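Undergrad: My structure is below; once you've seen it, I'll send some questions.
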There are 2 protein chains.
Amino acid sequence: MNPAHNQLKNDRLLRALRREPVDATPVWLMRQAGRYLPEYRASRARAGSFLALAKTPELACEVTLQPLERFDLDAAIIFSDILTIPDAMGLELHFVDGEGPKFARPIKTVSDIDRLGVPDPETELRYVMDALRVTRSALGGRVPLIGFSGSPWTLACYMVEGGGSETFSLIKAMAWNEPAALHRLLAINTAAVIAYLSAQRAAGAQALMVFDTWGGILTPAQYTQFSLPYLERIAAELQRGDGPDRTPLILFGRGNQAHLEALAASGAEGIGVDWTCDLAEARSRTGGHVALQGNLDPGALFANPAALRAEVGRVLASFGEGPGHVFNLGHGIAQTVDPDNVGVLVDAVHALSRARTATASVSLG
Amino acid sequence: MNPAHNQLKNDRLLRALRREPVDATPVWLMRQAGRYLPEYRASRARAGSFLALAKTPELACEVTLQPLERFDLDAAIIFSDILTIPDAMGLELHFVDGEGPKFARPIKTVSDIDRLGVPDPETELRYVMDALRVTRSALGGRVPLIGFSGSPWTLACYMVEGGGSETFSLIKAMAWNEPAALHRLLAINTAAVIAYLSAQRAAGAQALMVFDTWGGILTPAQYTQFSLPYLERIAAELQRGDGPDRTPLILFGRGNQAHLEALAASGAEGIGVDWTCDLAEARSRTGGHVALQGNLDPGALFANPAALRAEVGRVLASFGEGPGHVFNLGHGIAQTVDPDNVGVLVDAVHALSRARTATASVSLG
């Protein structure tokens, strides 16, 4: 179903995720289409709301492409939200200014879980599939298009808390008091994520990513109960082709450092790490079995250009020589970032990684 | 200056921090005097505000003692705030409901840093010293009294951001763009923390703790530049006596897992860790050179009593046999916690650790 990757004009991302040599380290940025861009704010104002933007395929395509017009990015990521699945399950996602995502009908009882079904992506999440098709066509093979979802655990956090939380008291109470019910919820979410990512692949996504934003709030023991097994199930069961046309899967998690060995053994092609993790250590602990994605501190975008370039160089050096690095931030771009600094970052990744490769060749030659 | 510790009726905390055997694992809880207690809310309502409570020694003593009336805690921690030092420097601390601490006059320019002086604890922070004296006397040797401060880096975060932050863009910009100015700020903060903790010891504090709440927002490389060296300086330069009368120092940091070896080598007697760190691993990496304080997930206080007891047992087991464990949460108590569950926790720590000690003796004997 998935059109061949070899029609891509820029396949650095896919090569790096296959741990093949690249001429320069590929770079894209979490939340690269977002509020730090004035053209995004204009599109959003015209659409009326974040959700109208995300749910109208032509507008989602428009904002997905905006950062590519400004910056020499090596991938596009479809403009969407990590919480589309619970919205399609009937929890009714909305956004309150300054408070982030909210569900009108959160999970309050065990029987709420038993009423949940796995949404059919081509009907209940058709707007995402249409956005992928429109955007894939508009990209014309310029760079690969990334599709994504929240992780089963992270979806469950929002579904039970009804939104963001400081204490996560409701989901933690469920984890301790009703673990069987939570496992049922996580199993439903996992089936939904697999169906959703599979459909995104069929609709044109050339790489797939799972955001486990809240895995890091768990103790290591609870992570291995409530987050890791479901990420492993996704990596094992998501059919994504073979050989050079295999669609790579990236598992990103904030605070996932304690679990890098397990994540690397999951079968996912890439592991995304946040900026509190040293890439040299992450690479050594994952033994070269996966590509690593990350991990510039998003705060470095508040540095001046010289300091930002130096920090980009430090991140590249911490990964070291050899293939398998996708440059990214360790978390999404903050909305107060100066767009010019994003350009400095992207150009520095390419220039400094080319220079490193050249130096390595000279020293080897 | 510091009255002898051997007049204590319960010296489990100090014994554990010296890694001496104890009959039961000592337990106290960060934010044990706080809003989850109705009697605290009543005291605060009478005082009019958090700061009035903290700045009136008799009221600070009253709320410090409240949790000891309810629970079999092994330590009192003086009711105060981590941000008293910058307040005394003239930044004017205040609290906005629902938004946390704010400074009326944050650090905005490099020249603001050059105007800062080290407060004299017995004049500008006299209310803290008086609160310690009154409370130490009121405790009558029942349990030891802990004094504390924010860490130099954590103080700097609040001083530059003017309050809490999601992105820490101002302090991060300073770290990258004006590192020399930030180091001057951190040096002043360090001198102030040393003077402050030294005075707290003289006023009766029997253990001292530094809260590095925001060390974990730094990359490992920046932590070793901007947080660790100042914690090391405190541990090295703070005069705290020798032998059995030595006043132990505990360095707590959220997200400090990457730096446990360095922290253990600092000379501090105890290292506090959050709940995302496995105590067995922390103990192995710190090589038994320090006591460890922690690390129950504060979310476990939302579990039912049986699940809470099981989780207390898991934390005790993760530390394992032998001395050097101070039981605590990995972060402060949330204000929506049921006080009865705090009693369940405290009693479970004592009962389960006594049972473990008995089993170990039997299996050894």
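The values are calculated or read from the model by the stated rules, or taken from the named source; none is laboratory data. Keep in mind that what you see is a predicted model, and the values were worked out from it rather than measured. FYI the Cβ positions are ideal-geometry reconstructions off the backbone, even for glycines, and counts take in every protein chain you see. Protein only, heavy atoms only, side chains kept; ligands, DNA and RNA dropped before computing areas. Shrake-Rupley method; radii C 1.70, N 1.55, O 1.52, S 1.80 Å.
Undergrad: Apply 1/(1 + (r/R0)^6) to the Cβ-Cβ distance of residue A:165 and residue A:65, taking R0 = 30 Å, and write down the FRET efficiency to the nearest 0.05.
TA: Working: r = 34 Å, r/R0 = 1.12.
With R0 = 30 Å, the Cβ-Cβ based efficiency is 0.35.
Undergrad: Something else now. Beyond 19 Å, what share of the Cα-Cα pairs of the stretch A:21-83 remains, rounded to the nearest whole percent? If you can, show how the numbers build up before the last one.
TA: On the way: 577 of 1953 pairs.
Here the long-distance tail beyond 19 Å is 30 percent of all Cα pairs in the stretch A:21-83.
Undergrad: Enter the angle in degrees (range 0 to 90, nearest 10) between the Cα long axis of helix A:38-47 and the first principal axis of the Cα atoms of chain A, meaning the one along which they spread out most.
TA: Between helix and principal axis, roughly 30 degrees.
Undergrad: Further, regarding this structure: Using r as the Cβ-Cβ distance of residue B:187 and residue B:142, and R0 as 35 Å, what FRET efficiency do you calculate, to the nearest 0.05? Don't jump to the answer; show the numbers that get you there.
TA: On the way: r = 38 Å, r/R0 = 1.09.
The calculated FRET efficiency here is 0.35.
Undergrad: While we're here: Size of the dipole of the stretch A:204-270 about the Cα centre, Lys and Arg at +1 and Asp and Glu at -1 on the beta carbon, nothing else charged, in debye to 20?
TA: Values: 4 positive and 7 negative charges, 32 e Å.
Computed about the Cα centre, the dipole is about 160 debye.
Undergrad: Could you work out how far helix A:152-161 tilts from the main Cα principal axis of chain A, as a 0 to 90 degree angle to the nearest 10?
TA: In chain A, helix A:152-161 runs at an angle near 50 degrees to the longest axis.
Undergrad: Measuring label to label, 7 Å along Cα→Cβ, what does residue A:114 give against each other copy in nm, shortest first?
TA: Listed shortest first, these distances are 7.2 nm.
Undergrad: Rounding to the nearest 10 and keeping the result within 0 to 90°, find how far the Cα-based axis of helix A:339-364 lies from the longest principal axis of chain A.
TA: That helix lies at roughly 50 degrees to the long axis.
Undergrad: Return the percentage of antiparallel bridges among DSSP beta bridges fully within the protein assembly as shown, rounded to the nearest 5 %. It would help to have the intermediate numbers written out before the result.
TA: Working: 10 of 58 bridges.
Restricted to the protein assembly as shown, the bridges split so that about 15 percent are antiparallel.
Undergrad: Once the stretch B:291-343 is represented by equal point scatterers at the alpha-carbon sites, with solvent omitted, what log10 I(q)/I(0) does the Debye formula produce at q = 0.15, 0.21 Å⁻¹?
TA: Debye curve over Cα of the stretch B:291-343, log10 I(q)/I(0) at q = 0.15, 0.21 Å⁻¹: -0.41, -0.75.
Undergrad: Also, quick follow-up: Using a 1.4 angstrom probe on the protein heavy atoms only, line up A:213, B:123 by accessible area, largest first.
TA: Values: A:213 25, B:123 90 Å².
Ranking A:213, B:123 by accessible area, largest first, yields B:123, A:213.
Undergrad: Something else: How much net charge surrounds residue B:158 when only the other residues with a Cβ under 11 Å from the Cβ of residue B:158 are counted, with Lys and Arg +1 and Asp and Glu -1? Write out the running numbers ahead of the final one.
TA: Details: positive: B:102; negative: B:81, B:87, B:161.
Within the 11 Å Cβ shell, the charges total -2.
Undergrad: Compare each residue of the stretch B:163-181 in its chain alone against the assembly with all protein chains, and report those whose accessible area goes down by 30 Å² or more; 1.4 Å probe, heavy atoms.
TA: Buried by the other chains: B:167, B:169, B:172, B:176, B:177.
Undergrad: Also, quick follow-up: What number comes out for accessible area per residue over the protein assembly as shown if the probe is 1.4 Å? Units Å², please. Walk me through the numbers before you get to the answer.
TA: Values: 26220 Å² over 730 residues.
Each residue of the protein assembly as shown exposes 36 Å² on average to a 1.4 Å probe.
Undergrad: Can you check what the Kirkwood hydrodynamic radius comes to for the protein assembly as shown, Cα pairs only, in Å to one decimal?
TA: 27.1 Å is the Kirkwood radius here.
Undergrad: Under the convention of a label 7 Å out along Cα→Cβ, give the distances in nm from residue B:202 to the same position in every other copy, shortest first.
TA: List, nearest first: 7.6 nm.
Undergrad: Using the alpha-carbon centroid of each, what span in Å lies between the stretch A:205-247 and the stretch B:80-106?
TA: 42 Å
Undergrad: Dividing the Cα convex hull volume of chain A by residue count, how many Å³ per residue is that? Spell out each step's value before the answer.
TA: Details: hull volume 45.6 nm³, N = 365.
Residue-normalised Cα hull volume stands at 125 Å³.
Undergrad: Please compute the Kirkwood hydrodynamic radius over the stretch B:95-154, one decimal place, Å, based on all pairs of different Cα atoms.
TA: On the way: mean 1/r = 0.0673 Å⁻¹.
Result for the stretch B:95-154 stands at 14.9 Å.
Undergrad: Kindly compute the accessible surface that chains B and A hide from a 1.4 Å probe when together, both sides summed, and give it to the nearest 100 Å².
TA: Using a 1.4 Å probe, the pair buries roughly 2100 Å².
Undergrad: Right, something else. Quick check: from the Cα gyration tensor, does the stretch B:240-365 come out rounded (a/c under 1.5), prolate or oblate?
TA: Values: a/c = 1.74, a/b = 1.25, b/c = 1.39.
In terms of gyration-tensor shape, oblate.
Undergrad: Just the accessible area for residue B:148, please: 1.4 Å probe, Å², rounded to the nearest 10?
TA: Taking all protein chains as shown, residue B:148 has close to 20 Å².
Undergrad: Right, something else. Can you pull out the GluC sites (Glu not before Pro) in the stretch B:89-130 whose DSSP state is coil and whose Cβ has at most 16 other Cβ atoms within 10 Å? Walk me through the numbers before you get to the answer.
TA: Values: sites: B:92, B:99, B:122, B:124; in loops: B:92, B:99.
Sites meeting the loop and neighbour criteria: B:92, B:99.
Undergrad: Toward the positive end of the charge dipole of the protein assembly as shown, about the Cα centre and with charges on Cβ (Lys, Arg +1; Asp, Glu -1), which of B:272, A:149, B:200 goes farthest?
TA: B:272
Undergrad: State the antiparallel share, in %, of DSSP beta bridges confined to chain B, rounding to the nearest 5.
TA: Numbers: 5 of 29 bridges.
The antiparallel proportion sits near 15 percent.
Undergrad: Alpha carbon centre of the stretch A:1-77 versus the stretch B:291-312: separation in Å?
TA: Here the two parts' Cα centres lie 43 Å apart.
Undergrad: Continuing with this model, one more query. Note the distances from residue B:127 to each other copy's matching label point, with points 7 Å along the Cα-to-beta-carbon direction, in nm, sorted shortest first.
TA: Those separations, rounded to one decimal, come out as 5.1 nm.
Undergrad: Moving on. Using only Cα atoms, figure out Rg for the stretch A:1-108 and give it as a multiple of 2.2 N^0.38 Å.
TA: Numbers: Rg = 16.7 Å, N = 108, 2.2 N^0.38 = 13.0 Å.
It is 1.28.
Undergrad: Please report the carbon-and-sulfur percent of the accessible area for the protein assembly as shown; probe 1.4 Å, protein heavy atoms only, DNA, RNA and ligands left out. Write out the running numbers ahead of the final one.
TA: Numbers: 13730 of 26220 Å².
Of the solvent-accessible surface of the protein assembly as shown, carbon and sulfur hold 52 percent.
Undergrad: On to the next question. Once the convex hull of the alpha carbons of the stretch B:133-220 is built, what does its volume come to per residue, in cubic angstrom? Can you show the working numbers first?
TA: Details: hull volume 9.7 nm³, N = 88.
With only Cα atoms used, the stretch B:133-220 gives 110 Å³ per residue.
Undergrad: Which residue fluctuates most in the GNM of chain A (Cα springs below 10 Å): A:95, A:103, A:252?
TA: A:95
Undergrad: About the Cα centre of the protein assembly as shown, how large is the charge dipole given +1 on each Lys and Arg Cβ and -1 on each Asp and Glu Cβ? Please answer in debye to the nearest 20.
TA: Here the protein assembly as shown has a charge dipole of around 260 debye.
Undergrad: Apply the a/c threshold of 1.5 to the C-alpha gyration tensor of the stretch B:166-310 and tell me whether it is rounded, prolate or oblate.
TA: Numbers: a/c = 1.77, a/b = 1.16, b/c = 1.53.
Oblate is the answer for the stretch B:166-310, as a/c is 1.5 or above yet b/c matches or exceeds a/b.
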